[in-house]
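A.B. asks: Below is one structure. I have some questions about it.
The values are calculated or read from the model by the stated rules, or taken from the named source; none is laboratory data. Quick caveat: nothing in here was measured; it's all calculated off a predicted structure. Positions of Cβ are generated from backbone atoms using ideal geometry, with glycine treated the same way; all protein chains shown enter the neighbour counts.
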Amino acid sequence: MHPIRKQELVLTRRRFLLNSGMGLGAAAFTSMISRTVAAQDVRSHFAPTAKRVVFLFMAGAPSQVDLFDYKPDLRELFQTELPESVRRGQRVTAMTKGSTKLIAPSKFKFAQQGKSGVWMSELLPWLAAHADKLCFVHSMNTDAINHDPGKTSFCTGSEIPGKPSMGAWLSYGLGTLNKDLPNYVVMPSAFWSGKVNVQALYARLWGSGFLPSRHQGTSFQTTGDPVLFLSNPAGVDPVVRRRTLDALDELNQKHFSEIGDPEIQTTIAQQEMAFRMQSSVPELTDISEESPATLEMYGPDVQKPGSYARNCLLARRMLERDVQFVQLFHRGWDHHSNLPQNMEGQCRDVDQPTAALLQDLHQRGLLDDTLVVFSGEFGRTVYGQGKLTLENYGRDHHPRCFTAWLAGGGIKGGMHYGKTDEFSYNVVEDPVHVRDLHATMLHLLGIDHEKLIFPYQGLDQKLTGVEHARVVREIIGG
């Protein structure tokens, strides 16, 4: 075949859209525009009680039995077998399948805290001082029994990879409050005390999925530039960078006028954002102007870049600059053995900094309209795993019930919600699925979860999916 004729038969996407004129090309562009308009319409469902969110994700799943779900009668049942009437034939992991399920009570003491008298473990003395701000949801449950699908489900609403993350949905639905910083920032801890069974984190947990890529989270680094490639290359000054961006903008605008791909507009916007971030991010991450009292409040680890404590302080600095969604990941909670020792270290990592974040937000007048959420991907079993004594034990994964707590942003403080059985194994009152938590978070931000949609693959996709999800109104203040 003649090479020119062969080339003509190779119909490129650009030529297809150009030749389609007011046909398929126009229809595709109209679809793109309608999605943008839909996103803008989302912003006015009703008045929000929260403007921003900080999600403290304890990756690996902390034990609710040892932290928040007080079960004092379990000590009398030490090393007795968990009744089959409680297990109900439920799925367990391969790590304990076929083994005898012997009860392991918590070795840690609990006490009632604050004026509300909520029960909390001795492992969290700093956080206990803020007990009256916290709402403990003991009836959390999920479908996932392993870490990868569990984290993916909690962060994106689906166990199937590729869906948009919570922060991406909020960015899509609410827009941005700050033009000089990312709308959605992720900060994983660079180190942690629990050194065993640490799973990797993956960018899809803060990805944009099928939403426009401008809504994905920006991961801050612990060494070098806080954001990758933020600094100009050697020999390139801001004036040269500005001229380069202006030239690129002209080319991209021309490209957009030819094919109408909204990702081109995303590229333009992100390049401009990156230019502004060259000034805003160094100022954000410079904590030298923080008072000695503030630094002391967050604890000694605040001086270590990449620590959970430093990330909590940076989260406050982001929230006061109206970054809308800040997500901290702290790994090291997967305690299949030596749980007491590992839990003590993990709680030292997070207890004082988390309490400081709550106090800092409160004293700056930010807690009232900032929603704070603390959770892992699922819970831990009441039966032991590995070596089992009153002082040493491990626990397996448990999706049937676990505890999350919320504070600020319109949440009632100083309360327990939901109830588990005497073994912290099944929910017996007011179940809250992960998708119910998502619906509640969106509600607090002024969004009806049923109306936050994005057309994709023939479906109106939602963060809460296709199954029923409810707003947990009982934990929302009047």
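A.B. asks: Can we say LEU388 is farther than 16 Å from GLN341 by Cα, in the same structural domain as GLN64 (by TED's automatic domain parsing), out of contact with any Cys (no Cβ under 6 Å at 6 or more places or on another chain) and in contact (Cβ under 8 Å) with a residue 60 or more places away in the chain?
C.D. replies: When the stated conditions are applied, LEU388 does not pass them.
A.B. asks: If I ask for residues that are among the hydroxyl-bearing types (Ser, Thr, Tyr) and more than 25 Å from MET166 (Cα to Cα), which ones from region 363-394 would you list?
C.D. replies: THR381, TYR383, THR389, TYR393
A.B. asks: So, of the residues in region 408-431 that are of a type in the set (Ser, Thr, Tyr) and not in a loop (DSSP other than H, G, I, E, B), which turns out to be farthest from VAL53 (Cα to Cα)?
C.D. replies: The residue in question is THR420.
A.B. asks: A follow-up question, please. Residues being buried (at least 18 other Cβ atoms within 10 Å of the Cβ) and modelled with pLDDT of 85 or more: count how many of those fall in region 206-231.
C.D. replies: Counting residues in region 206-231 that are buried (at least 18 other Cβ atoms within 10 Å of the Cβ) and modelled with pLDDT of 85 or more gives 13.
A.B. asks: Working only within region 119-147, note down all residues that are of a type in the set (A, V, I, L, M) and either closer than 23 Å to GLY345 by Cβ or outside any strand (DSSP E or B) (or both).
C.D. replies: MET120, LEU123, LEU124, LEU127, ALA128, ALA129, ALA131, LEU134, ALA144, ILE145, listed by residue number.
A.B. asks: For region 62-74, state whether one or more residues are surrounded by fewer than 16 Cβ atoms within 10 Å (Cβ to Cβ), over 18 Å from THR142 (Cα atoms), in the same structural domain as CYS155 (by TED's automatic domain parsing) and more than 27 Å from the chain's Cα centre (by Cα).
C.D. replies: Checking region 62-74: at least one residue is surrounded by fewer than 16 Cβ atoms within 10 Å (Cβ to Cβ), over 18 Å from THR142 (Cα atoms), in the same structural domain as CYS155 (by TED's automatic domain parsing) and more than 27 Å from the chain's Cα centre (by Cα).
A.B. asks: Let me confirm something: among SER171, SER116, which residue is in contact with a strand residue (DSSP E or B) (Cβ under 8 Å, 6 or more places away or on another chain), assigned to a helix (DSSP H, G or I) and on the phi < 0 side of the Ramachandran plot?
C.D. replies: Being in contact with a strand residue (DSSP E or B) (Cβ under 8 Å, 6 or more places away or on another chain), assigned to a helix (DSSP H, G or I) and on the phi < 0 side of the Ramachandran plot holds for just one of SER171, SER116, which is SER171.
A.B. asks: Starting from region 456-470, take each residue that is on the phi > 0 side of the Ramachandran plot and list its partners that are surrounded by 10 or more Cβ atoms within 10 Å (Cβ to Cβ) and not in a loop (DSSP other than H, G, I, E, B), counting only C-beta distances under 8 angstrom and pairs at least six apart or across chains.
C.D. replies: Short answer, once both residue conditions are applied: GLY465/ARG435.
A.B. asks: Considering only residues of region 126-160 that are over 27 Å from GLY410 (Cβ atoms) and more than 15 Å from the chain's Cα centre (by Cα), which is surrounded by the fewest Cβ atoms within 10 Å (Cβ to Cβ)?
C.D. replies: Going through the qualifying residues, I end up with ILE160.
A.B. asks: Which of the following residues is touching a residue at least 60 places away in the same chain (Cβ under 8 Å) and surrounded by fewer than 22 Cβ atoms within 10 Å (Cβ to Cβ): ALA203, ALA190, ALA234?
C.D. replies: ALA190
A.B. asks: Out of the residues in region 345-371 that are under 17 Å from SER189 (Cβ atoms) and of a type in the set (D, E, K, R), state the one that is surrounded by the most Cβ atoms within 10 Å (Cβ to Cβ).
C.D. replies: ASP349
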